[in-house]
Amino acid sequence: MRRVLDGSKIATKAAMLDALARTLDFPDYFGHNLDALNDLVNDLPPGEHILVWQSPDALRNGDPDAYEQILDILSNADRLTLELA
């Protein structure tokens, strides 16, 4: 599974969590917080999962702390490969 997330207009943690939920088809019970994000990306079904995050600078400039935290979670997920574009 290869998914592309257009981050060009995502400047807040809440907007990024919403975009990730849509892009990665998270279940309705997704808690929209960093702990829930970590849980779900580390519990992806077996197989190849690639997330291409286009234009991450919008979040990096808008909410640097959230950018670093989300980048860390996505980069260290067991079954997810993150590509920044």
Taking the Cα centre of the stretch 2-84 as the origin, how large is its charge dipole in debye, to the nearest 20, when only Lys and Arg (+1) and Asp and Glu (-1) carry charge on their Cβ atoms? 260 debye
Provide the packing ranking of 25-32, 68-75, i.e. peptides ordered by the mean count of other C-beta atoms within 10 Å per residue, highest first. 68-75, 25-32
Can you pull out the trypsin sites (Lys or Arg not before Pro) in the stretch 1-33 whose DSSP state is coil and whose Cβ has at most 14 other Cβ atoms within 10 Å? Lys9
Mean 1/r over all different Cα pairs, inverted: what Kirkwood radius does the chain give, in Å? 12.6 Å
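Relative contact order for the chain using alpha-carbon pairs under 8 Å, separation at least 6, rounded to a whole percent?
Answer for the chain is 40 percent.
The numbers here are math on the coordinates, done by the rules we state, and not lab data. From a predicted model like this one, the values you see are computed outputs, not experimental measurements. Here Cβ is always computed from backbone atoms with ideal geometry, including for glycine, and neighbour counts include all displayed protein chains.
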